[in-house]
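Reading through the structure tokens given below for one structure.
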Amino acid sequence: MRPVVIIAVFTLIWLAVSGSFTVPNLLLGIVASALSLFLIRGHIQPDGRRFRPLKALSLLLLFFKELALSAWKVAVLVASPKMVLKPGIFAFPLTVDRDFEITLLANLITLTPGTLSVDVSEDRKLLYVHAIDCSDPAGTRRDIANGFERKILEAFR
Amino acid sequence: MAAETIISGACAIALFLMCAAFFLTAWRVIKGPTLPDRIVALDMLTAIAIGFIAVVAIRTGFNLYIDIAIALGLVGFLATVAFARFVLSRGMQPGEEGAPDEAPAGNRTRRSGGHARRLH
Amino acid sequence: MPDLLLALVVAIMLIGGGVFTFLAALGIVRLPDVYTRMHAASKAGTVGSGLMLLAAGIHSLDAAIFTRALAGFVFFVLTAPVAAHLVAKAAHAAGYRLTRLTVMDDMRELRERAAKKR
């Protein structure tokens, strides 16, 4: 993303958190976000990343749907008198390779039904995922690859 | 009038549920056989405290409580991160066995290893 | 009438949040090992306290306070998986075992292979 876009996003968050929508506060937000971006300028490298707002929005909607579904599933599982558990850790081969995308994918996986990302292998090719129902790891892998990973690739490439 | 009755009733139900949740989680903190169990339970206690604060904010009408809840969430997150670092640096103590229903290690490893090999 | 509708929405969110929080705590007590307990805490727990915070934001009937509650909710949703991931990784690296019900553990096999090579 371009610095201008990042500053705009930071300023929006500042306005939301500080809760006053006045012109001096807007200016303060712009100055503060520009300053904080200036302070971390060495850590962000421009890498020609594309950003598609509509695809990102659809990713966000999918995420909230899955979050509600996952909370519901865990709640039903815990409330059922006899819990049927088949937990296990399986390796998920990553197609995405940038730090940002891996972080996003790991976070999304954690908040989806029955899966929790545990670790990334040293060569960043495998993501280890703990699943509460690991009876069909191949199917879960396929679901993640066709769901979130594809959406991330669409939104940020 | 009806609206206030509904909200105060809902507050009472929510407070009751969260009291029960609080005691269950506190039991896990006391009992929890291993350190990570206790950390997870403490993290959950933070979430419950945030819920309590939100209900209190609705009951009393002091909206400043929401800021306190956000600050508590921040501190709780940092505490969990620090605890995770501590687990990593301390390692497992000899007295702590894993899950309470743990089978002998050799048996389990062979079973899981075989399963994983079949899949690859 | 809008008052009543708003009160109903707030009440449903409060009770829903309470139920999710309670079930998350029940999961922490009932599930067999750290990793499965983390599922309950990081999903149901986050949704429970997040719903309550949003209910407080809606109840205030103030855009500034609602945006703040929304920002808090987003913050919780962003941090909960990171915290769960860190604790799970640390616990697995320290050697805490998975429950006997576990059907597979690709990570342990890989670590053992690496240890043998060394």
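Just so you know, all these numbers are worked out from the coordinates, no wet-lab data involved. Every value quoted in this text rests on a predicted model; they were computed, and no experiment measured them. Reconstructed Cβ throughout: ideal geometry from the backbone, glycine too, with neighbour counts over all protein chains shown.
Odds and ends about this structure:
- Fluctuation leader among C:Ala69, C:Ala94, C:Ala41 - chain C, Gaussian network, Cα springs under 10 angstrom: C:Ala94
- For chain C, the residue among C:Leu26, C:Leu54, C:Val10 whose Cα projects farthest onto the positive side of the dipole built from Cβ charges is C:Leu26.
- Burial ranking of peptide ranges B:56-62, B:22-28, C:8-14 (average Cβ count within 10 Å, highest at the top): C:8-14, B:22-28, B:56-62
- Helix C:2-30 and the longest principal axis of the C-alpha atoms of chain C enclose an angle of approximately 20°.
- Taking C:Leu23, A:Leu104 and counting other C-beta atoms within 10 Å, the order from fewest to most: A:Leu104, C:Leu23
- Only Lys, Arg (+1) and Asp, Glu (-1) charged, at Cβ; the range A:57-103 dipole about Cα centre in debye: 380 debye
- The simple Förster model, with R0 at 56 Å and r as the Cβ-Cβ distance, assigns A:Asp143 and A:Val23 a FRET efficiency of 0.70.
- Rounded to the nearest 10 degrees, the inclination of helix A:23-39 to the longest alpha-carbon principal axis of chain A is 70 degrees.
- For chain A, built as a Gaussian network whose Cα springs stay under 10 Å, the top-fluctuating residue of A:Arg141, A:Arg98, A:Arg124: A:Arg98
- Under Stokes-Einstein, with the Kirkwood radius over Cα pairs as Rh, the value for the protein assembly as shown at 37 °C and 0.692 mPa s is 148 µm²/s.
- In plain terms, the residue of C:Tyr35, B:Tyr65 with the fewest other Cβ atoms within 10 Å comes first and the most crowded comes last, giving B:Tyr65, C:Tyr35.
- Gained length - B:Phe16 relative to B:Ala2, 0.36 nm times residue gap less alpha-carbon distance: 2.9 nm
- Simple Cβ-charge dipole of the range A:53-156, Lys/Arg +1 and Asp/Glu -1, about Cα centre, in debye nearest 20: 340 debye
- Here the average projected area of the convex hull drawn through the C-alpha atoms of chain C stands at 9.4 nm².
- A Stokes-Einstein calculation at 4 °C with viscosity 1.567 mPa s, built on the Kirkwood radius of the range A:1-130 over Cα pairs, returns a diffusion coefficient of 72 µm²/s.
- Highest-fluctuation residue, A:Thr11, A:Thr112, A:Thr140 considered, GNM on chain A with Cα pairs under 10 Å: A:Thr11
- Inter-chain Cβ neighbour average for residues B:62-69, partner chain, 10 Å: 5
- Put in line by how crowded their Cβ is, counting other Cβ atoms within 10 Å and starting with the fewest, A:His130, C:His92, A:His43 read A:His43, C:His92, A:His130.
- Computed over Cα pairs, the Kirkwood radius of the range A:53-156 leads via Stokes-Einstein (1.002 mPa s, 20 °C) to a diffusion coefficient of 151 µm² per second.
- Dipole of the range A:53-156, positive end: most advanced residue of A:Ala91, A:Ala131, A:Thr103 [Cβ charges, Cα centre]: A:Ala131
- Computed from the Cβ-Cβ distance with R0 of 41 Å, the FRET efficiency linking B:Trp27 to C:Val74 stands at 0.85.
- Neighbouring partner chain Cβ atoms per residue of A:117-123, average, 10 Å criterion: 4
- When each of A:Lys125/C:Lys89; A:Lys55/C:Lys89; A:Lys65/C:Lys89; A:Lys73/A:Lys151; A:Lys65/B:Lys31; A:Lys55/A:Lys86 is checked by Cα-Cα distance, pairs over 25 Å: A:Lys55/C:Lys89; A:Lys65/C:Lys89; A:Lys65/B:Lys31; A:Lys55/A:Lys86
- Neighbouring partner chain Cβ atoms per residue of A:137-144, average, 10 Å criterion: 1
- Angle between chain C longest axis and helix C:46-60 axis [Cα atoms, degrees, rounded to 10]: 20 degrees
- Cα→Cβ-extended label distance, 7 Å offset, between A:Lys82 and A:Arg150, nm: 3.7 nm
- Computed about its Cα centre, the charge dipole of chain C is approximately 900 debye, with only Lys, Arg, Asp and Glu carrying charge at their Cβ.
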